[in-house]
Amino acid sequence: MKKRFKVFMFASFLSLSSGIWAQAGLLNVLDIPNLLQAIESTYAYYQEIQNTIEQVKNSYEQIKMAAEQVKSVDWNEVGEKLGKNFEEGNFKDNPFEVITAVHTSANDIMSAVDKQMNTVNNVQAQLRKKSISFGGMDVSVADLCGAGDKDKDFVSFMGNAAIHTDKSARKLAKGYVEGLSYDEKRAIMKKYGMSPENYATMAYSKMLLNNIIVESNLRSTEEGITDLVKEIVNDQNVINSLNQQIGNNGQASLAAATQVTNSSLAILVKDMGHLWQSSERLCGIISQNITAEQAYEDLTNELEMYHESRYKKNTTSSSGVTNPLFK
């Protein structure tokens with residue numbers, strides 16, 4: 001709560017500031033409404049995926065029941081009765097071929113849907129697996145989306161990452177500043193309103209935080225689930241073909257249940273894509289807010305140091321003796 005209050009106060013402060021703040025471009029960096037909206041949409045996509053997975057599982061149960069009914073028929077008994085009618089010329093098509101086709105279709109569709117369900121379960125397992133690691137924190141996609149460990153959501157994860165990248169950013173900044181001339185340092189101070197070292201630290205922090213997606217294995221997690229989603233898409237074509245055969249063989253209930261499952265799987269594929277796009281956008285927005293807050297703290301510290309030095313100077317006597325309070 002304290003952290004959020006601080007961020008909102010910072011946003012208010014920036015909106016009322018000008019001068020060096022505007023020069024630093026910070027008025028366009030911190031975007032609290034956009035951050036909150038990104039968090040909400042990312043969490044919502046994850047919940048939609050969970051709802052869709054439940055729908056797929058429910059549809060799968062309907063397919064299973066319908067297929068089991070088809071397979072439970074005593075085909076020998078039916079065959080004997082139909083065989084007599086066929087011999088008497090009461091059927092246009094050979095009933096044995098029709099029976100075989102229906103039975104085979106029921107088995108095939110169950111096999112195909114079973115494979116799909118295994119893939120969906122693998123997607124769910126990947127979402128809950130703590131396969132993302134950075135800065136000593138191991139998290140899952142579920143954690144990041146607020147559906148797992150409450151202390152490991154996107155904001156907490158990126159905040160922890162900021163702490164662990166700060167040391168690296170300051171080291172990079174120090175090396176950068178050492179290579180600047182006096183005039184270059186003055187130019188940075190004039191343009192951005194902060195010391196070259198603090199400006200460089202902010203820039204490197206932003207760069208490092210923006211790379212968290214790759215370095216934390218979030219990208220590799222995405223690629224792994226994307227491969228599973230591709231399996232779903234490829235197998236949907238097989239299921240659609242089998243489903244057409246089932247419909248042609250008069251198994252309308254089984255065909256309908258299968259179509260519902262395929263529709264749910266299509267929604268799942270779409271929501272997975274939205275989740276990753278939203279996750280990447282959210283990481284970028286959080287990194288911008290973190291670096292903007294760092295810039296604010298740097299500027300605040302420099303202003304305090306500046307006023308303190310001016311105060312010390314003013315309290316020095318004309319004889320050059322400094323006030324004992326500031327020794």
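The values are calculated or read from the model by the stated rules, or taken from the named source; none is laboratory data. These numbers were taken from a predicted model, which means no experiment stands behind them. We place every Cβ from the backbone using ideal geometry, glycine too, and count neighbours over all the protein chains shown. What goes into the accessible areas is simple: the full protein's heavy atoms, side chains included, and nothing from ligands, DNA or RNA. Shrake-Rupley method; radii C 1.70, N 1.55, O 1.52, S 1.80 Å.
Here are the numbers for this structure:
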read-out	value
Pair residue 281, residue 124: separation of 7 Å Cα→Cβ label points (nm)	2.8
Residue-span extension gain [residue 260 to residue 226] - 0.36 nm each, minus C-alpha spacing	10.0 nm
Carbon + sulfur, % of accessible area of region 172-221 - ligands and nucleic acids excluded, 1.4 Å	53
Out-of-range pairs (alpha-carbon distance over 20 Å; input 167/206; 129/206; 130/206; 57/270; 115/230; 64/270)	129/206; 130/206; 64/270
Per residue solvent-accessible surface (Å²) - region 162-227, probe of 1.4 Å	59
Gain upon complete extension [residue 253, residue 170; 0.36 nm per residue less C-alpha separation]	23.3 nm
Full-extension gain in nm, residue 34 to residue 304, via 0.36 nm per residue minus C-alpha separation	94.1 nm
